[in-house]
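Take a look at the structure set out below.
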Amino acid sequence: MTTYKTAEVAAIIGVHPNTVRLYEEWGLIPAAERQTNGYRVFTEFHIQQFRLARTAFQIEVLQGGLRKKIVEVVKLSATGDFDGAIQLTQEYIADIEKERNHAEEAICIVQHILHGDGPDSPVFMKRRDVSNYLGISMDTLRNWEMNGLLTIKRKQNGYRVYSEQDIKRLKIIRSLRCANYSLEAILRMLQQLSCDPNADIRLALNTPRLDDDIISVCDKLIISLSSAEKNALKILDMLREMRKNF
């Protein structure tokens, strides 16, 4: 049986030796046997398990408990419970599909709102009234305003007054946030729509600007979910192969 030292595993996988130790500590790979001198001894199964973990964490999708579920898949595999890991991966794929459906539905809702579908909104509402009407906390409304998602005019007495257009914009933001789109992605879409009412909503939401300092998976949500699903299908194949060889 071929065995490997910590540094050899790190070189094969392309990580720092400390990462190998951390993966072992976190239960993402099995605990390695030790020689009398204390050095760890890794096997081919450790290499396969490490590759599985790297594939699992290549795309990190946090919403809907997906991150927690894929971590559990890796930990189950590390214990040799391949059947449990396969079942959980299949559940993970189903959950990804649900999240992607939510994201697509939110885009449809936005399109309906933009085209005036649905009941008319009351006009000239105060912040508290808007909070109650839309089921959005006042803190959330403040946060959206602070992040530049909308600018609310004030009356002479200093009170903010929300117009029908403001309410429509808030409905759009609420729908997209419920589907886990990032504030940055929503702002990017709103800015494009203000310049071009016929802009492609899906494209705007899923295409970060080149000058964005930090890009998260929620800035390209549908693309990231699709990538996570492809990785999960690879993981299924890897788990089945590992079960066969275990």
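The values are calculated or read from the model by the stated rules, or taken from the named source; none is laboratory data. All values reported here derive from a predicted model rather than from experimental measurement. Neighbour counts are summed over all protein chains in view; Cβ atoms, including those assigned to glycine, are modelled from backbone coordinates with ideal geometry. Side chains included, ligands, DNA and RNA excluded: accessible areas come from the protein's heavy atoms. Shrake-Rupley method; radii C 1.70, N 1.55, O 1.52, S 1.80 Å.
In the chain, which longest range has no trypsin sites (Lys or Arg not before Pro) that are both DSSP loop (not H, G, I, E or B) and surrounded by at most 14 other Cβ atoms within 10 Å?
1-125
Rounded to a whole number, what is D in µm²/s for the range 1-78 from Stokes-Einstein with the Kirkwood radius over alpha-carbon pairs (20 °C, 1.002 mPa s)?
Here the translational diffusion coefficient equals 165 µm²/s.
Computed FRET efficiency, Cβ-Cβ of Glu105 and Thr19, R0 35 Å: what is it to the nearest 0.05?
Values: r = 39 Å, r/R0 = 1.11.
It comes out at approximately 0.35.
When ligands, DNA and RNA are left out and all protein chains stay put, how many square angstrom of accessible area per residue does the chain have with a 1.4 Å probe?
56 Å²
Once the piece of chain linking Gln87 and Met146 is laid out straight, how much longer is it, given 0.36 nm per residue of separation minus the C-alpha distance between them?
Going from the current span to full extension adds 16.9 nm.
Using 1/(1 + (r/R0)^6) with R0 = 41 angstrom and r between the beta carbons of Asp200 and Thr79, what's the FRET efficiency to the nearest 0.05?
0.35
Please check: in the Gaussian network model of the chain (C-alpha springs, under 10 Å), which one of Cys178, Cys195, Cys108 has the largest mean-square fluctuation.
Maximum among the listed residues: Cys195.
Over 24 Å between C-alpha atoms is what I'm after, so list which of Lys98/Lys168; Lys171/Lys220; Lys75/Lys220 land there.
Values: Lys98/Lys168 26 Å; Lys171/Lys220 20 Å; Lys75/Lys220 28 Å.
Table pairs above 24 Å Cα-Cα are Lys98/Lys168; Lys75/Lys220.
Suppose only helical runs count, i.e. DSSP H with n ≥ 4. What mean residue ellipticity at 222 nm does that imply for the chain under -39500 (n - 2.57) per run, divided by all residues and rounded to the nearest 500 deg cm²/dmol?
After summing the helix terms and dividing by residue count, I get -19500 deg cm²/dmol.
In the range 1-160, what percent of the accessible surface is made up of carbon and sulfur (1.4 Å probe, ligands and nucleic acids excluded)?
So the carbon and sulfur contribution to the accessible surface is 50 percent.
Label points 7 Å out from Cα along the Cβ direction at Gln156 and Phe124: separation in nm?
Spacing of the two 7 Å Cα→Cβ label points: 1.3 nm.
Rounded to two decimals, what is the ratio between the C-alpha radius of gyration of the range 95-191 and 2.2 N^0.38 Å?
On the way: Rg = 13.8 Å, N = 97, 2.2 N^0.38 = 12.5 Å.
The reported ratio for this selection is 1.11.
Would you please report the Å³ per residue occupied by the convex hull of the alpha carbon atoms in the chain?
Each residue corresponds to 159 Å³ of Cα convex hull volume.
Which of Ser227, Ser194, Ser175 moves most in a GNM of the chain, Cα contacts under 10 Å?
Ser194
If you put +1 on each Lys and Arg Cβ and -1 on each Asp and Glu Cβ, how big is the dipole of the chain around its Cα centre, in Debye rounded to 20? It would help to have the intermediate numbers written out before the result.
Numbers: 34 positive and 32 negative charges, 129 e Å.
For this selection, approximately 620 debye.
Given R₀ = 41 Å, FRET efficiency for Ser137-Met1 by Cβ-Cβ distance, to 0.05?
Efficiency at R0 = 41 Å is approximately 0.10.
Relative contact order of the chain: what whole-number percent is it, with Cα pairs under 8 angstrom and at least 6 residues apart?
Values: 276 pairs, mean separation 53.2, N = 246.
Worked out over the chain, it gives 22 percent.
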